[in-house]
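Okay, structure first, notes after.
No lab work stands behind these numbers, since they all come straight from the coordinates. Worth saying up front: this structure is predicted, and the values here are computed from it rather than measured.
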Amino acid sequence: MLRREDELRRSPEVQAEMERAEASGGAKSDWIDVAVRVQERVAEEFGFCPKSQGVDLLRKHAPDHPELCHYVRYNRARRGELRAGDAAPNVKVFHVAGSAVRGLFDDAPAQKPTAPASGPAARRKKKTLVLAGSYS
């Protein structure tokens, strides 16, 4: 199943479909929607009913077999260095139209927010910011 998914994902047809999805700016679909359809197709080809069981198996076992999964093999995600209590970085923020670029805290007060602390003492303090997301 993992080999078949990898074969389909890297096929010219699926790559073109992913490019079209990305070019639409998410208006019609996104590349992840294409990937989900590929996984559902593989599950169906392997006789899973409901397809969701096959998709769950693909997703569960893909990280254990990077030799079979291109997207696992070349995944650049990593655990970041920001920890509870660290000053949040002033990362660049892009306007949805792609025009304005500015720092996250450019208009903020002088004291930068910190990542939320944890533990009993932190729970008693008033929290002012939750910093979460993906930075790539």
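Whole-Hz ³J(HN,Hα) for each residue in region 60-65, computed from phi via Karplus 6.51 cos²θ - 1.76 cosθ + 1.60 with θ = phi - 60°, x for glycine and proline: what do you get?
Running phi through 6.51 cos²θ - 1.76 cosθ + 1.60 with θ = phi - 60° gives 5, 9, 4, x, 7, 9 Hz.
Under 20 Å Cα-Cα from K92, which aspartates and glutamates qualify once same-chain neighbours fewer than 8 residues away are excluded?
Cα-Cα hits under 20 Å: E81, D106, D107.
Through the Karplus equation 6.51 cos²θ - 1.76 cosθ + 1.60, θ set to phi - 60°, convert the phi angles of region 30-39 into ³J(HN,Hα) values in whole Hz; use x for Gly and Pro.
Calculated HN-Hα couplings, in order: 10, 4, 5, 5, 5, 4, 5, 4, 5, 4 Hz.
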